[in-house]
Amino acid sequence: MASTDPSSRLQAIPPYMFAELERKVADKRAAGIDVISLGIGDPDTPTYPHIVEAMRDALADPSTHQYPSNRGRTEFREAFSRFYASRFGVAIDPETEVIPAIGAKECIYNLCFAFLDPGDLALASDPGYPVYTGGPLLAGAESVLLPLEPGLGFAPDLGKLSADALARARLIFINYPNNPTGAVAPDGFFESVVELALEHEILVVHDNAYSETTYDGYVAPSFLATPGAREVGVEVFSLSKGFNMTGWRCAAILGNADAISSYWRLKTNVDSGLFEAVQLAGVAALEGPPEPLEEMNAVYQRRRDLVVDALREIGVEVGAPKGTIYVWAPVPEGHTSTSFAELVLEEAAVVISPGSMYGPSGEGFFRISLTTPDERISEAVERMREHLG
Ligand SMILES: Cc1ncc(COP(=O)(O)O)c(C=O)c1O
């Protein structure tokens, strides 16, 4: 073994499925071809001005310059408590039921270290955000995939879990509105997760990265509004997507006080908390005017309609998502996810994500992200119409 070989845990992380596609994109760009990427889900418009302004003020305040505590500033915890009450009708004790996270990704990863031992399992939505499976592996545990069933509105069939999986599972990762499928939580799904978690003593982690990004009047609930949820679970609320703050790394974990206390204990050994100026910017985001978010959602809804209409015109049967920044659609007959993504790149110079990137149940689908300026999205769908129609 060479001194530079990574640990077996790191080696167990599946290879990055986008690598080959990325290489092809780089080749095309080097050859002067104008490639439009609808791959990554990273808001293309700036953070809202009132948040940037609050950050400026917070930076000038020396009380933000020292090590933060992992518990978070009082202002941050109280702002989350008020936001959860008014937005979701959920009472959060600012003393014990909320602390900051350095983005949802950090939080999900560290929850694996806080709760999983070798031999334990995490139940992970498939397709899903890759940390649901990578986190458990890096923590020395395992994950069991929970296939999201198109026929169930992209919820998993919890009845299909084996007795062994249920006995060994300590965590379940769910996420609605969902990346990559764009699905919203089907009626009754959160309730059945609470029931499962109570019966089998599994900690529920609801990854709430997209509740503020919804369309057609749909209002996404918090998992914590489900009766019994606080007894069995936590919710990770990220400001990344709804507030155009992906670069700021601002999120919080809310819900079960004992679980949050264990996560806090782990974090005191791993990181030194979320920059307090970012926490104060987060307060401004949560307490700011609703208009910027409403305008942003109107922009995404317009882009969504452009994409959905164009896909339908070229014969792709696709539903219009009620939330998230993604359109999830089946690949045409005779294609795999990867072969279709390659075809779209070759013919139209447009990058789409193969569904298989998000887990085996994503095979047969592709994902289009709406975080590209309107004129580029229009150009991309025009090209797809022209070359694939
Ligand atoms: C489902 C889901 N969870 C978490 C994240 C990461 O959020 P954060 O920027 O807060 O780490 C993403 C980002 O794409 C996501 O799609």
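The values are calculated or read from the model by the stated rules, or taken from the named source; none is laboratory data. From a predicted model like this one, the values you see are computed outputs, not experimental measurements. Positions of Cβ are backbone-derived with ideal geometry, glycine not excepted, and every protein chain shown enters the neighbour counts. In case anyone asks, the SASA skips ligands and DNA or RNA and just uses the protein heavy atoms, side chains included. Shrake-Rupley method; radii C 1.70, N 1.55, O 1.52, S 1.80 Å.
With (1) within 17 Å of TRP328 (Cα to Cα); (2) open to solvent by less than 10 Å² (accessible area, probe 1.4 Å); (3) within 15 Å of the ligand (Cβ to nearest atom) as the list, and TYR215 as the residue in question, which single condition is left unmet?
Condition not satisfied by TYR215: (3).
Among the strands (runs of 3 or more DSSP E) contained in the stretch 98-165, which hold 1 or more residues that are more than 16 Å from the ligand (Cβ to nearest atom), open to solvent by 10 Å² or more (accessible area, probe 1.4 Å) and closer than 24 Å to GLU195 by Cβ?
The qualifying strands (runs of 3 or more DSSP E) are 142-149.
Residue check: is THR64 open to solvent by 60 Å² or more (accessible area, probe 1.4 Å) and more than 16 Å from the ligand (Cβ to nearest atom)? First the steps, then the outcome.
Working: open to solvent by 60 Å² or more (accessible area, probe 1.4 Å): no; more than 16 Å from the ligand (Cβ to nearest atom): yes.
Judged against the criteria, THR64 is not a match.
Scan the stretch 166-188 residue by residue and report those that are within 16 Å of the ligand (Cβ to nearest atom) and more than 22 Å from TYR109 (Cα to Cα). Spell out how you get there, then give the answer.
Of all residues in the stretch 166-188, those within 16 Å of the ligand (Cβ to nearest atom) come to 171-185.
Within the stretch 166-188, GLY182, ALA183, VAL184, ALA185 meet the criteria.
Take SER361 and decide whether it is part of a helix (DSSP H, G or I), touching a Gly at 6+ places or on another chain (Cβ under 6 Å) and surrounded by fewer than 24 Cβ atoms within 10 Å (Cβ to Cβ). Explain how you work it out, then say what you get.
Details: part of a helix (DSSP H, G or I): yes; touching a Gly at 6+ places or on another chain (Cβ under 6 Å): no; surrounded by fewer than 24 Cβ atoms within 10 Å (Cβ to Cβ): yes.
No; evaluated as a whole, the condition is false for this residue.
Condition first: open to solvent by 10 Å² or more (accessible area, probe 1.4 Å), more than 16 Å from the ligand (Cβ to nearest atom) and of a type outside the set (S, T, N, Q). Now tell me which residues in the stretch 239-281 satisfy that.
ALA257, ASP258, TRP264, ARG265, LEU266, GLU276, LEU280
Determine, yes or no, whether ALA229 is buried (at least 22 other Cβ atoms within 10 Å of the Cβ), in contact (Cβ under 8 Å) with a residue 12 or more places away in the chain and more than 25 Å from GLY151 (Cβ to Cβ).
Details: buried (at least 22 other Cβ atoms within 10 Å of the Cβ): yes; in contact (Cβ under 8 Å) with a residue 12 or more places away in the chain: yes; more than 25 Å from GLY151 (Cβ to Cβ): yes.
The answer is yes for ALA229.
Looking at the stretch 328-343, which of its residues are in a helix (DSSP H, G or I) and out of contact with any Phe, Trp or Tyr (no Cβ under 8 Å at 6 or more places or on another chain)?
Hits for the stretch 328-343 are THR338, SER339, GLU342, LEU343.
Considering only the stretch 223-238, state which residues are within 15 Å of the ligand (Cβ to nearest atom) and among the hydroxyl-bearing types (Ser, Thr, Tyr). Outline the logic, then answer.
First, the residues of the stretch 223-238 that are within 15 Å of the ligand (Cβ to nearest atom): 223, 234-238.
Result: SER238, single match.
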